Every structure is written in C-alpha cells, then in structure tokens.
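See structure below.
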Amino acid sequence: MAADLPARGDDALRAGVAVTDITPKKPVTLAGYGSRKDLSQGVHDPLSARAVAFEQGGKRLVLLSTDLIGFYKGTAEVVRKAILSECRLQPSELFLCGIHTHSAPTPALAGSEAHPNNIEYTEWLTRRLVEVVREALGRATPVRIGFGSGSSPVGINRRQPFLDKDGKPQIKLGRNPNAMTDREVQVLKIARADKGELAAVLFAYATHSTSLGPKNYIVSGDVHGLAEQFVEKHLGGGVVTPAFAGASGDIDPWCRVLPEFKTANGWIPEPVLLGTLLGEEVVDVANAIQKLDANGPVRSAMKVVDLPRKTLDEAQTKAASILSAFHLTVGRVGDVAFVGLGGEVFNEIGRAIKTASPFPHTVIITHCNGAGGYVPTKQSYDDGGYEVKTSPYLPAAAEQLVQEAVRLLRGL
Ligand SMILES: [Zn+2]
C-alpha cells in the first residue's frame, strides 16, 4: 500500500490536495462542553477533512485540517500512527489539526465514558484520514504558491472583566473589545504550475469555532467550517479550502455559545453570518495574491516541549487526563513557515512567534498533533479566568514556548 508512494527526489515543488466527508452517519456525542450529554439531533452543514501534501527533494509536509474539535484523549497518537505508517511519513511531516468546532463528534477510541457511536465514528474517521492523506500524496504535481494576509473582525478577545459580589475584579468568558486579539487572516494560495489552475486556498484565523454553545445539538463546522464551505462554493472548480485555527486560546467569535441556528423573520444564523464574513475575506485575499513561485525547500521538525507544570489537585488532574504532552511541529514550504502548536495558546503568543520568526510569513496553527491544553500569557495569571484555571502550566510556559518555536524555525 505505502510502497507505491515513494518520495520523489526531484527539485520541483509539488503538491496534491484531497478532501473527504467526515460527517457522522449516526447520532454522536458532540465535543467541547461537559454539560452536553445527549446525542446529536441532525446535521446543519457537512464536516470534511482536507489535506494538502507538499513534497520537494524527497521531503514531505502534509497539512491535514479536520472539521473537529481536535484530538483529545490520546486519539492524536493513534490517528497519527495510522497515517504515518500507511503513508510512510516522518513524524514531523504530518500536521494533524482540528478547526476546534464544538459542534462535531468527540473523537474517542476507548474508555467507559465514550459512547459506542463515537468509538465507531473515530475508527471510521481514522480510515478516512489515512485515505485522504494517501490521495493528496498520490496527486502531487508541480505547483506554485503565494502568501497573502487580510484582516477580519469575526474573532474577539473573550476575557471579560467584571466585579464579583465582593467587589473583586474577575474574568469571565464573554467579550472584551479592549483586550488584544489577532485579526490576521493568513492565506496560502496553491496553483498548478502547468495551467495556473487554482488547486487550494488554505487559511488560518484565530478564533474558537464556538458561535454555537452547549445547548446546540446540530452538527456543524461552525465559523471555520462554514467559511471553508463558503470559499469552496464561491470559487468552484474543485478548489479545496483547508482551514486552521490560529492562536485562539483567548479568542471567541463575536457571537458566541448560541443555542441554535436562528432563522425566524429573516434572521441570518450567526454561524453562517460569521463564517461567510470570514470566507469573503479569504476570497478577497486569495484573489489579490499575484506573486506565485515554485521555490522549496520543504522541511519540518517536531519536538515535545517540556513546559513548566502546576501541581494539580484531584479535580484538576481528572480534567487534565484528556490532555497530551505539548507537541510543537514546525514546517516550511519555501519562505512560508508553519508552526503547529499542540494545544490552545493565547493570541499574544501566536503574535510573538510571528514577530520573532526568521521567516517572512509564519502561519500559526493550533490544535495540531495533540491536545496539551491552554497556554495563557504570563500576565493573565494575575487576572485569573477559565483558561488560567484549567491550564496545566505555570506562567513561565508562554515565554518558553515562543523561544522553542523560534529555535525550531531557525533550524529549518
Ligand atoms: Zn478551546
């Protein structure tokens, strides 16, 4: 199987793209909110997995976007192992990522708490993901790529200050327009070298895909998923649009945790509105990218980062049991770098990596190759709030992560 996919030794930059449907066929438990126990009750929009496989000089880099929350509970390891062995990839050559929609199945392969439908789904999913990567690798042809950057107001800092009943300042999950966010929409355009035909438009944007909340039981890709679908429909021609969640540990969509897709009296459902707004920016940025080149190299590197950890109490230990070690994966295709963070980092950390990166363009991707939990900024520990409370790490983690990412980037 894998033997028919030899890495090519020639110098032309090549890429292949593929997409596959991963919408659950049976009701499943949806990921992201512990309070939501029942099974899903229908599908608003389909879930997909989208792969872009680059290769040059015998090296490969596979960016795999899935319309899922990410890969918690040890599922990243199992899914990655299947893809790596079947497609003969090096560990650093695969970015297995989730867009972090909270309206998609909880990936689960074992455990008494996992619903049998979710286990069946995840086994099926694993095979689909192996197949979509194999297809993308098998379709590799010479390409030209170009990078562009836009801006979108869809995401907003969610750490809202308030005074508790004792008059003490606290932070709750809400909307804080005064705090920092990262509005950058990062777009990579991939066109076939022969006829210039557009093959893929990849984008990264920093927001949680949580416009739908724990009361929603309808499957959806939420903001990122609806943006992908909009761009693919608008551009047509089989263009594939893999989305990635940027550094969005402290960013939510402008409208958040809604109970449903509201349509009464001409109301446009907020996930559709926000997804379309983001998608239109992706299209505008992609259309404006004129300079495309075919330069490599393709490189990648990966390490487990030993971030300084808190001493956890019993409840925190239980909550953290779904998390993995923090994996840091970096890659480059020509002068575009990719930083895959295996957790959810605050937007300030993503910005710091982009600023310190030795590359002209550095795409930040979270929920990549594992789920290591929240990495807040050092300053945010003084203010507290949900992410600080649930993070397994100490305040020094953010700075160490930025340093490690930049060090790995310099080595590419
Ligand atoms: Zn999250």
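Every number in this text was worked out from the coordinates using simple rules, so none of it is lab data. For clarity, every value in this text was computed on a predicted model and none was experimentally measured. Positions of Cβ are generated from backbone atoms using ideal geometry, with glycine treated the same way; all protein chains shown enter the neighbour counts.
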Cα lying deepest toward the dipole's positive end in the chain, options G174, V28, F244, charges on Cβ: F244
Ranked by how many other beta carbons lie within 10 Å on average, peptides 26-37, 389-400 from highest: 389-400, 26-37
P(r), alpha carbons of the chain - 20 Å bins starting at zero, rounded %: 29, 61, 10, 0
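Within the range 194-257, list the GluC sites (Glu not before Pro) lying in a DSSP loop whose Cβ has at most 14 other Cβ atoms in a 10 Å radius. Could you put the intermediate results ahead of the total?
Values: sites: E197, E228, E232; in loops: E197.
For GluC sites (Glu not before Pro) across the range 194-257 that sit outside H, G, I, E and B with at most 14 neighbouring Cβ atoms in 10 Å, the list reads E197.
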The range 198-326: radius of gyration over Cα atoms, expressed as a fraction of 2.2 N^0.38 Å: 1.35
Sum of -39500 (n - 2.57) over DSSP H runs of 4+, divided by residues of the chain (222 nm, nearest 500): -8000 deg cm²/dmol
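Rounded to the nearest 5, what is the percent of antiparallel bridges among the DSSP beta bridges in the chain?
Once the DSSP bridges in the chain are tallied, antiparallel ones form about 75 percent.
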Magnitude of the charge dipole, the range 202-328, Cβ model with Lys/Arg +1 and Asp/Glu -1, debye to 20: 300
C-alpha center-to-center spacing [the range 374-410, the range 105-138] in angstrom: 30
Degrees between helix 222-235 axis and first principal axis of the chain (Cα, 0 to 90, nearest 10): 30
GluC sites (Glu not before Pro) within the range 110-177, DSSP loop, no more than 14 other Cβ atoms inside 10 Å: E113
Helix 75-87 axis, angle to the chain major axis (alpha carbon atoms, nearest 10°): 0
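Hey, could you get me the Stokes-Einstein D for the range 56-98, Kirkwood radius over alpha-carbon pairs, 20 °C and 1.002 mPa s, rounded to whole µm² s⁻¹?
195
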In degrees, nearest ten, helix 270-288 long axis to first principal axis of the chain (Cα): 30
Whichever aspartates and glutamates have a C-alpha closer than 15 Å to that of K389, once near sequence neighbours (fewer than 8 apart) are set aside: D250, D313, E314, E344
Cα-based reach from K189 at 27 Å (exclusive), listing lysines while leaving out same-chain residues under 8 positions away: K59, K233, K291, K354
Descending principal axes extents, the range 13-132, alpha-carbon based, whole Å: 49, 29, 20
Relative contact order [Cα under 8 Å, 6+ residues apart], the range 14-296, whole percent: 22
